[in-house]
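Just so you know, all these numbers are worked out from the coordinates, no wet-lab data involved. Not measured: the values here are computed from a predicted model. Cβ atoms come from the backbone with ideal geometry, glycine included; neighbour counts cover every protein chain shown.
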């Protein structure tokens, strides 16, 4: 099975500008292709992971990935999928975020010996002459067609700024620049980037009469149509300091039954034949499938050692022991205590089990909190210093455990 067939069979491909042309490129030649990542945060998240997996599949097939970091486009921000204008970042914030992206991506993509390339569009966008840019690039864009694009259409009611309207021109120019300077022939991206990708393909055709192509990939959605990668605490990040390897593992271990096979196909290198066998699992048998998914994704992002630790902790907790050296911990100091005690509500917030005291009270009221396997019903409960020193374990629901430690 070639890489084009593999991407299709895994349910990754959403749209292509010219299917026959794309298939020919991916099966007959070794090409350079690129995916853009705007550095709007200091970590990649689960939504980016689909794109990185596609890059990895393509690299394994002999193609050369180009990771384009949006040091220039990030100064504006992509309006796609946003009801309001994105927060403007400083140059320093953007540069810091790019360095974080580079570090994370290098765990998943081999950038040695020209096997993959990193570029930053700040190198060619920040010094553009605006009048020259409008004369060379702006003349190829119809405002009517731009406003009809999905990425802009949904913003019209709330107000679309001229500032944001430039984003499509800049992203399209990226493709033209990479085609001219690197012989890059294919742009990839999430399906929410379809309008921007078409803009780049069309610009290459109109400006240079160059035949290039675009392909988008399905967004990582739950069976109910909502985006994956969101938890009560926010996004699921690839940075272990923002989402611990254990919490990352648990996110995939707890996906809905209806989503596990799709995730195995899209987010792992598990052979399709093996996944077809997993698809026959029902009921409690699906737990083994979820374990495989969680292990594979965690191993790809954090390494096998962290994946094994997370799996060991999860199995220990699932077995009811509630004790494992790899269990997530929350550390306290004497400064957190008052008269040798600390309120349970404060513990829950600090441990990330609740966003606020109000949410913590509701969890206790609903019977969702236990201390050392004893359900707590008193919202005024306090935890003593000696219990913290002993390594008390707080449990939220059936699957979330945190060991409390006093330094």
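Out of these labelled values of semi-axes √(5λ) of the Cα gyration tensor in Å, (1) 59, 24, 17; (2) 43, 32, 20; (3) 44, 26, 18, which was calculated from the coordinates shown here?
Checking each listed value against the structure points to (3).
Under a crude label model (7 Å from the Cα following the beta-carbon direction), how far is residue 28 from residue 99 in nanometres?
4.5 nm
Subtracting the Cα-Cα distance from 0.36 nm times the residue separation, let me have the gained length for residue 357 to residue 118 in nm, one decimal.
That works out to 81.6 nm of additional length.
Only bridges with both residues in the chain count here: give the DSSP antiparallel percent, nearest 5.
45 percent
Could you check the simple spin-label distance between residue 272 and residue 331, using points 7 Å along Cα→Cβ, in nm with one decimal?
Simple spin-label model gives 4.8 nm for this pair.
Stretched out fully, how many nm does the piece from residue 308 to residue 223 gain, at 0.36 nm a residue minus the Cα gap?
27.8 nm
May I ask what percent, to the nearest 5, of DSSP beta bridges between residues of segment 329-406 are antiparallel?
The antiparallel proportion sits near 75 percent.
How far, in nm, would the chain grow between residue 144 and residue 130 when pulled straight, counting 0.36 nm per residue and subtracting the alpha carbon separation?
Here the answer is 2.9 nm.
Compute the acute angle (0 to 90°) between the alpha-carbon long axis of helix 304-318 and the principal axis of greatest extent of the alpha-carbon atoms of the chain; round to the nearest 10°.
The answer is roughly 40 degrees.
Using mean Cβ contacts within 10 Å as the protection proxy, how do 333-340, 192-199, 113-120 order, highest first?
Sorting 333-340, 192-199, 113-120 by mean packing, highest first, produces 192-199, 113-120, 333-340.
How high is the FRET efficiency from residue 15 to residue 181, r the C-beta distance, R0 41 Å, rounded to 0.05?
0.95
Give, as ranges by residue number, the residues of segment 206-225 whose backbone N falls under 17 Å from the point 7 Å along Cα→Cβ of residue 2.
213-215
Okay, helix-only estimate at 222 nm for the chain: each DSSP H run of n ≥ 4 adds -39500 (n - 2.57), divide by all residues, round to 500 deg cm²/dmol; what do you get?
Value at 222 nm, helices only: -13000 deg cm²/dmol.
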